[in-house]
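Notes to accompany the following structure.
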Amino acid sequence: MEIKKHLSINIRVFLAVLFIIVIFAVSVGYILYQDSTKKSAGRAYIYQNDKLIKTVELSDVSEPYRITIETGDGGSNVLEVRQGSIGVVEASCPDHLCKNMGFISNSLMPITCLPNHLVIKVTDGACEDETELDGVVY
């Protein structure tokens with residue numbers, strides 16, 4: 001009887017450990033699947049003085065390239081476009097905050113250069129109409 005009871009406890013422990021391992025494996029598989037199907041950045045919208053001056057398809061970039069944006073008063077920003085991301089690599093502004101923002105690939109935070117009146121926004125391409133409201137302002 002003691003052997004059956006001891007064997008029964010071992011089987012329960014084995015099944016519990018096996019259940020935990022299966023749940024862990026399924027969770028890791030799901031996370032890896034979600035990462036592989038995640039959309040890459042779709043478009044970068046470059047604004048200067050509140051006007052859209054250029055749209056860049058970030059998912060179509062095969063080789064990195066640079067774009068120079070001139071301001072009316074002699075200032076400039078040099079942008080580097082990479083596969084799925086965009087960033088400011090040179091700027092004539094005194095604080096260089098736009099350079100320090102690095103490369104962006106999602107819509108969480110745009111790159112801004114206030115002295116040169118430049119804003120770069122990235123979207124995932126899901127919203128085709130940029131005029132669509134995402135909130136209500138009173």
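The values are calculated or read from the model by the stated rules, or taken from the named source; none is laboratory data. Quick caveat, the model's predicted, so the values are computed rather than measured. We place every Cβ from the backbone using ideal geometry, glycine too, and count neighbours over all the protein chains shown.
So, in segment 59-113, how many residues would count as being within 15 Å of Thr123 (Cα to Cα), of a type in the set (S, T, N, Q) and part of a strand (DSSP E or B)?
Counting residues in segment 59-113 that are within 15 Å of Thr123 (Cα to Cα), of a type in the set (S, T, N, Q) and part of a strand (DSSP E or B) gives 1.
Can you find, within segment 22-37, the residue that is nearest to Asp124 (Cα to Cα) among those that are modelled with pLDDT under 90 and of a type in the set (Ser, Thr, Tyr)?
Thr37
Please specify each residue of segment 80-95 satisfying the condition of being under 15 Å from Pro115 (Cα atoms) and surrounded by 14 or more Cβ atoms within 10 Å (Cβ to Cβ).
Matches in segment 80-95: Val88, Glu90, Ala91, Ser92, Cys93.
For the condition surrounded by 13 or more Cβ atoms within 10 Å (Cβ to Cβ) and of a type in the set (A, V, I, L, M), what is the one hit in Ile53, Ile120?
None of the others qualify; the one that does is Ile120.
Determine if segment 57-74 includes at least one residue that is over 22 Å from the mean Cα position of the chain (by Cα) and surrounded by 14 or more Cβ atoms within 10 Å (Cβ to Cβ).
yes
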